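I have placed the structure first, in the form of structure tokens, so that the comments after it can refer back to it.
Where a number appears in this text, it was derived from the coordinates with a stated rule and is not lab data. Since the structure is predicted, the reported quantities are computational estimates derived from the model, not experimental observations. Note that each Cβ is placed from the backbone with ideal geometry, even for glycine, and that neighbours are counted across all protein chains shown.
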Amino acid sequence: MTHGAQGARAGRERRGAGRPADTAPPLKPGVVPVPPLPEAALRARVLAVAQRLEAAGDVDAAGELHEALETWSREQRSWTGELARQLGVHHDINNALVGVRGNVQLLVLGPAAQVPGARDRLEVVLRESDRIRQAAVRLSALKTALTALVHESESASAGRAA
């Protein structure tokens, strides 16, 4: 890509060209909106049903419902925690990209970049590897957010148990 084309593209990106006027600008790298776990609303509904069962005299069914709710809650926290651990792959991605980007940067500086079309292709590799790096940053932020949700849920669960 020529310097003129890069400047024009950068100008469009700053102005937001190519994006519908009624949509929000894209999130900054690392900012991942994570909705709260639906556990609190579900818990409230299930507990309301359990209270109605108890009030109607069906204490056994209410107890089973409480037990099922606690089991589900523990399993949900475990699943969310495992998902957060799996999202730790961002570290592996970044490590691989260091090698790729470093080698491509060396090629750009060397005689290989003089081959017709080679420099443009190498710049594409650098640009696309930066997109991958930005995706890895978002994975890292998502992992952090999910880990925080798990800790909040565990704290709330410990508070209910006390």
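Provide the gained length on full extension for the span Gln86 to Leu42, in nm with one decimal, where the gain is 0.36 nm per separating residue minus the Cα-Cα distance. Walk me through the numbers on the way to the answer.
On the way: separation 44, 0.36 × 44 = 15.84 nm, distance 2.59 nm.
The Gln86-Leu42 span can extend by a further 13.3 nm.
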Original post:
In whole angstrom, how far apart do the alpha carbon centroids of the range 91-157 and the range 45-81 sit?
Top reply: 44 Å
**OP:** Could you calculate the contour length gain from His151 to Glu70, that is, 0.36 nm times the residue separation minus the distance between their Cα atoms, to one decimal place in nm?
**Re:** 27.5 nm
Subject >> Using θ = phi - 60° and Karplus 6.51 cos²θ - 1.76 cosθ + 1.60, couplings along the range 117-126 (whole Hz; Gly, Pro as x) >> reply: x, 5, 4, 4, 5, 5, 5, 5, 4, 4
**OP:** Take the Cβ-Cβ distance between Leu106 and Ala135 as r, set R0 to 35 Å, and report the resulting FRET efficiency rounded to the nearest 0.05.
**Re:** 0.90
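Please order His90, His151, His66 by the number of other Cβ within 10 Å, starting at the fewest. Write down the numbers at each step before the final one.
On the way: His90 18, His151 12, His66 15.
The fewest-first ordering by Cβ neighbours comes to His151, His66, His90.
How would Ser78, Ser73, Ser129 line up from fewest to most surrounding beta-carbon atoms within 10 angstrom? Present the calculation step by step, with values, prior to reporting the outcome.
Details: Ser78 11, Ser73 20, Ser129 16.
Final ranking by Cβ density, sparse to dense: Ser78, Ser129, Ser73.
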